[in-house]
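The values are calculated or read from the model by the stated rules, or taken from the named source; none is laboratory data. This is a predicted model, so every value here is computed, not measured. We place every Cβ from the backbone using ideal geometry, glycine too, and count neighbours over all the protein chains shown. Keep in mind that these areas ignore ligands, DNA and RNA; they rest on the heavy atoms of the full protein, side chains included. Shrake-Rupley method; radii C 1.70, N 1.55, O 1.52, S 1.80 Å.
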Amino acid sequence: MSSESKRQDRFRLTAAVTIGALLFAAVGLTVANTRQGPRLLDAQINPGAAVEGAGERLVLRVDQTVAELTADQVTVTPRVPVAPTSDGAALILRFADSLSYATTYEIVAKVQSATTGASATLTYSFRTPDGAFYVLQRAASNADADAPDQIVHHFIGSTEQRVARRQPHIEQYAVADPVIGVVTSDAAGASTFTVGPVDGSEPTQTLADNSDISQLKSSGPSGLLGFVLTPLNDPDRGDGGQLHLYDPVAGKLIKVSGFDGKPLEPLDWAFVPGTTSIVAQTTDNSFYLIDPLNGRPTQPLGGHSRMYGFVPGSTTLIVDDNGDYKAIELATGKTSTVPALDLPEAAGLQQLLPLGGARGYVGWVATQAGAASVVVINDGNVRQIYAEDPNPSGGIQSICLSPNGQYLAVAKLPRDAATNPDSSGFANRTEFIDTATGRTEHDVAGSQVNWCN
């Protein structure tokens, strides 16, 4: 055999071995792929929105199409009910309740490939933001007449703070991040309303002056501000003021009309959480659902004596019918009666706030002796989480809940009006109570926490 033939034989042998090895590797890779379950590529969630309300979605994107799965295949720690669905190569988990502040959540999902049937366990964790809030701190009573008040940004459990606004005679404010609206007054009692970036990066804009401005509120994540305006130089003005909405993004001021098409003069009103719609109570105690931005028809909600606010993380409104409490589901228009609230016989309910989920309600109650406390009412059980200071001048002035119902802000009356920095009659300190444990988590000077408006 010639050397040329030997070289050709060796080449053929080498080529055959190489091709065989490649075929073996390809077969092995194919088998391995059929046994490889879905792998997590990335995840998407807005933790800030997840604490503001229920229904926020966590999207887990994987490298394969996944089969449908049930709730028992998903574990969330700490426990939160979820509704899972699959959409191609994405697993979508919708949280049925709002999440807690400053908490790390771990998700474990057992999934299966829709094409190969191979299974895998996906894990992912994320942390929610700290509980942030704003509070109004007034100048000392013995300070100069034009000494500035200030609006301060805090975090629960932290000493970190930042002054967002510093102006004399602040009466009201509302935060619709990234903007803040502030109402100030002059010596004659006339109000001026200004709006600007909460970080002070741009000059403020005056939306109204020489007016009586009240009921300033924020829609929160929807980014709107609303207020009731009565011009003081209007000779034809009546006893009530007209509701206006302001859209900072569009720079648009909207006059809200009522059911009859006339300017709306509300007795009380509120933004529907997570939307640009509002609920308004008129002077005859009629309630209406109004969508000023999108022009949908106004919906009457019946007559009720008082509005107590929304169940956290929902569009369910709690109202009072002269002692009978009702829940109105605005999405469907359905009205249901709140189960009887079992309170001690001598206790009178001054305010009722829903906690959301299966957590019941927070009630501000007072006894015939005049003492006040805050209780959690759930499934017939009454649990006290806060008691008024025995000192008569250290009582509760107002209460409101964080957007997720985790904390209760308790504003307290001044103890010494002569030296206290809140001598104008507003609460001088606010305590933040964990509604689950009753523990005081934070205590700051000031009042009018932004959660309340």
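Along the Cα→Cβ direction, 7 angstrom out, place labels at D443 and A371. What is the inter-label distance in nm?
It works out to 1.9 nm between the two label points.
May I ask you to give the average projected area over all directions of the convex hull of the Cα atoms of segment 35-140, in nm² rounded to one decimal?
Directional mean of the projected Cα hull area for segment 35-140 stands at 7.3 nm².
Divide, for segment 284-338, the radius of gyration over alpha carbons by 2.2 N^0.38 Å, where N is the residue count.
Against the compact-globule rule of thumb, the ratio is 1.12.
Would you list the P(r) distribution for segment 162-219, with all Cα-Cα distances sorted into 5 Å bins from 0 and each bin expressed as a whole %?
Taking every Cα pair in segment 162-219, the percentages come to 4, 20, 32, 26, 13, 5, 0.
Report the residues of segment 63-86 in range of a label on D42: point 7 Å along Cα→C-beta, backbone N strictly under 14 Å from it.
Flagged as within label range: 63.
May I ask for the equivalent-ellipsoid semi-axes of segment 73-231, computed as the square root of five times each C-alpha gyration tensor eigenvalue and listed largest first in whole Å?
Result for segment 73-231: semi-axes of 47, 18, 12 Å.
Quickly rank 96-103, 222-229, 150-157 as a protection proxy: mean count of other C-beta atoms within 10 Å, highest first.
By packing density, highest mean first, the sequence is 222-229, 96-103, 150-157.
Note down the net charge around V152, summing +1 for each Lys or Arg and -1 for each Asp or Glu among other residues with Cβ under 12 Å from its Cβ.
Computed value for this residue: +2.
Quick check: at a probe of 1.4 Å, how many percent of the accessible area of segment 58-181 sits on carbon and sulfur atoms?
Here it works out to 46 percent.
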